[in-house]
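Written out below as structure tokens is the structure these notes cover.
The values are calculated or read from the model by the stated rules, or taken from the named source; none is laboratory data. Predicted model, so just to flag it, every value in this text is computed and none were measured. Positions of Cβ are backbone-derived with ideal geometry, glycine not excepted, and every protein chain shown enters the neighbour counts.
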Amino acid sequence: MRKVLGAIWKVITAPFRFIAWLFRSIWNYIKKILSPVINFFTEEPEDTPLADVLEASFENPKAILEHLNELRKHVFRALIGFIITTVAAFVFVEQILNWISLPIGGIQELQAIEITEPISVVMRVALLTGFAAALPYISLELVLFAAPGLSRRGRIIGIFAIPLVFVFFIGGMAFAYYFMLDAALPVLLNFMGIPTLPRPSSYIRFVTGLMFWIGVSFEFPLVAYLLSAMRVLKPEVLRDNWRIAVIAISVLAAMITPTVDPINMGIVMIPLITLYGLGIVMAFIAWGKRPKDDQ
């Protein structure tokens with residue numbers, strides 16, 4: 001009789017046990033998928049002195065190879081994302097070229113001399129657009145690669161900084177396009193009263209190079225803030241080495257500008273030096289926000 005009642009009970013409760021098993025399986029599957037995400041925001045790395053890390057690396061070179069292999073994977077995925085966005089940029093490359101050429105009156109004002117010149121111009125614009133579009137994903141791969149060596153606070157800061165990286169880069173490009181070009185082009189195209197007929201290669205190279213490097217430079221205050229917040233960079237290092245920074249900025253300005261005349265270099269150097277000073281301020285702000293027991 002007991003066996004009969006037990007069998008009847010199993011039959012009656014079978015649907016409920018199946019539902020419970022189904023929900024338990026789904027929950028375990030979700031936990032398995034989300035466990036890397038949970039560990040990313042909760043785990044704290046072992047606080048090992050740098051000397052011990054270097055000693056362990058020399059004793060076990062295979063550990064370095066493992067890190068290099070991980071770096072290769074992240075770089076490969078970032079490269080795939082960059083290729084996809086660059087290919088997608090070809091769909092809008094004509095509109096982007098027209099927009100870039102607006103400061104000189106439109107793309108019809110450019111005259112090519114070499115046969116391959118239009119192709120190189122299109123490729124350059126597509127690469128810059130693809131890089132700008134893929135920047136959030138590239139930043140994500142960099143954060144994921146560095147995550148095992150960062151504290152929980154550092155990983156959280158890195159994740160939430162990814163949208164800001166994109167915003168600052170686009171902001172720098174917009175600043176170069178809407179403000180720096182308006183000041184530079186009238187001087188460059190009519191310097192000493194000599195009219196200039198710009199070629200596509202020289203004009204697009206100048207504009208895209210200026211927009212790219214100013215966009216990268218706009219990242220400096222954010223990077224200084226993040227590194228200081230992660231306790232990687234002391235703001236005193238930036239403050240005490242400002243002379244070296246000015247020399248480096250001068251070299252970078254000479255590389256960005258097509259000529260080394262003081263007008264072009266000044267147009268580039270002044271924003272870069274200003275950004276360096278802003279980076280020092282941001283680093284001090286981030287350093288001062290650390291808890292007292294961590295200082």
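Counting only residues that are outside any helix (DSSP H, G or I) and among the polar types (S, T, N, Q), which one in segment 86-111 is nearest to V187 (Cα to Cα)?
The extreme case among them is S101.
Conditions first: (1) assigned to a helix (DSSP H, G or I); (2) touching a residue at least 12 places away in the same chain (Cβ under 8 Å); (3) of a type outside the set (S, T, N, Q). R231 passes all but one, so which condition is the exception?
(1)
Quick one: M269 ticks every box in (1) modelled with pLDDT of 70 or more; (2) surrounded by 12 or more Cβ atoms within 10 Å (Cβ to Cβ); (3) under 22 Å from A229 (Cβ atoms) except a single one, so which number is it?
With (1) modelled with pLDDT of 70 or more; (2) surrounded by 12 or more Cβ atoms within 10 Å (Cβ to Cβ); (3) under 22 Å from A229 (Cβ atoms) applied to M269, the lone miss is (3).
Let's see how each residue does on (1) assigned to a helix (DSSP H, G or I); (2) touching a helix residue (DSSP H, G or I) at 6+ places or on another chain (Cβ under 6 Å); (3) over 19 Å from V125 (Cβ atoms); (4) modelled with pLDDT under 80:
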position: V165; (1), (2), (3), (4): yes, yes, yes, no
position: F168; (1), (2), (3), (4): yes, yes, yes, no
position: M173; (1), (2), (3), (4): yes, yes, no, no
position: L197; (1), (2), (3), (4): no, no, yes, yes
position: S202; (1), (2), (3), (4): yes, no, no, no
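Could you tell me whether segment 110-128 includes any residue that is surrounded by fewer than 18 Cβ atoms within 10 Å (Cβ to Cβ) and within 17 Å of M173 (Cα to Cα)?
Yes, segment 110-128 contains at least one residue that is surrounded by fewer than 18 Cβ atoms within 10 Å (Cβ to Cβ) and within 17 Å of M173 (Cα to Cα).
Out of all the residues in segment 162-219, which are farther than 27 Å from Q111 by Cβ and either touching an Asp or Glu at 6+ places or on another chain (Cβ under 7 Å) or among the basic types (K, R) (or both)?
The answer is V165, F168, F169.
Which residue out of I204, I214, I247, I170 is over 30 Å from W287 (Cβ atoms) and among the β-branched types (V, I, T)?
I204
Starting from residues that are part of a helix (DSSP H, G or I) and small (G, A, S), keep the ones in segment 112-130 and report whichever is farthest from the chain's Cα centre (by Cα).
Step by step, filter segment 112-130, then rank; the result is S120.
Among the candidates V251, V143, V223, which residue alone is assigned to a helix (DSSP H, G or I), free of Cβ contacts under 8 Å to residues at least 24 places away in the same chain and crowded, with 16+ Cβ neighbours inside 10 Å?
Criteria check complete, one pass: V143.
Considering each residue of segment 153-188, count those that are surrounded by 16 or more Cβ atoms within 10 Å (Cβ to Cβ) and of a type in the set (F, W, Y), and give that number.
5
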